[in-house]
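Here, each number is a calculation from the coordinates, and none is a lab measurement. In this text, all values refer to a predicted model and were calculated from it rather than measured experimentally. Glycine also receives a Cβ, built like all others from the backbone with ideal geometry; neighbour counts cover every protein chain displayed.
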DNA sequence: CTTCCGAGGTAGACACTGTCTACTCGAACG
DNA sequence: CGTTCGAGTAGACAGTGTCTACCTCGGAAG
């Protein structure tokens, strides 16, 4: 992994977080990395290549964050699921640049016609597994396994979106406020599934 | 409301749905509408203006769809809420072009520093009201009113996002399959809140 | 009737973008 | 030594958003 490649990637993610996807310019990225306007092209092929690389890096990070959080939560399946959900939302908040790119099919093809993205599959697989284990522990028994997964995933993903796009409130959240909201939501979901 | 203005708006929405936000070009829109490359500029001021107009139109349509569906659902508050949620998701699926633009803060400012967008406030307000009424009817009593709203909104919004961005499945959904999933999700949520 | 003006439209020019092609340079390797 | 190849540079091209300047025409003002 070339050093310049990572530098370009970092600059791109930073730009997405700052100005949104539209604000990312191949040449601006090159300028920030202090190279010619063709250097990024050499590493990523084209614009789409940069976005895809951001997507891969993002999904790998998301999978790691979920796994780590749920592992640290201890043996209780519902606590592990909650921790995973909180990690999902926190990842979105801490990596807006990645998150914005990851879930837009016109930017990144998760289930591409040629081949799917394994980083994404891993993140999603972990989520499915955690839901299954929570259900084996007696939660959400009124639902089918698939519906339980769909319900929790949608909730977590939707909240992450509403949060980072600033839909929920006029004023911006401080990190502490967002954490509070996240925990309240996780609490609500787990209470409702109990 | 000029006729050309609406024509330009329609062409833009169509382009977003086809190629994503990145695929929309001021000049391509003008070409599709059969006018000079400066005609759209005259109506919308700048690129941002078109996106904002799409956002307004979208939120107005969303509010109308939710209201209509919940009104048609009859007196039961939970059925009304379910109908509203289904309408939310169906709107996203039927108006991908609008929906993609509406919830990206770098494209449309819902809570702008100058003034907020009343169409969005109306849609959100309806959602909040429906949740309140469902709770008054005895659903989700283990939650605070705000948490109940947050939970259902996040779920519906997240599912809509996952659905239209094609995250959920390798194969694309037919409309009938998507409807089935939507109803299953609504059922799961209402069962879990009962 | 003339004059003015503003809404709605046009064309041209500018800097900027993504991408194509062609070039350089140094290291690896036979 | 010659060759190849990865990594980088520079120049050119069409396409983009936007600025400025023009045209046109229906009314209102005088």
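A few comments on the model shown:
- Nearest beta-carbon to the B/A symmetry axis - residue in chain B, distance in Å: B:158, 1
- Percent of C-alpha pairs per 5 Å bin in the range B:1-131, short distances first: 2, 11, 19, 20, 17, 13, 9, 5, 3, 1, 0.
- Length released on extending from residue B:191 to residue B:3, taking residue separation times 0.36 nm less the Cα-Cα span: 63.0 nm
- For the peptide A:141-154, the mean number of other protein chain Cβ atoms found within 10 angstrom of a residue's Cβ is 5.
- Distance between the range B:69-133 and the range B:1-55 - C-alpha centres, whole angstrom: 24 Å
- By average C-beta atoms within 10 angstrom, highest first, the peptides A:39-47, B:99-107: B:99-107, A:39-47
- Ascending list, in nanometres, of distances separating the residue B:35 label from those of the other copies (7 Å, Cα toward Cβ): 4.4
- Teacher prompt: residue A:177 distances to equivalent labels in other copies, 7 Å Cα→Cβ, nm: 4.2
- Label sites at residue A:68 and residue B:115, each approximated as a point 7 angstrom past Cα along Cα to Cβ, lie 4.6 nm apart.
- Globularity index of the range A:80-194 is 1.12 (Cα radius of gyration / 2.2 N^0.38 Å, N = number of residues).
- Distances between copies at residue B:68, taken between label points 7 Å from Cα along the C-beta direction, are 4.8 nm in increasing order.
- Global geometry of the protein assembly as shown, whether rounded, prolate or oblate, following the gyration tensor of its Cα atoms and the 1.5 cut on a/c: oblate
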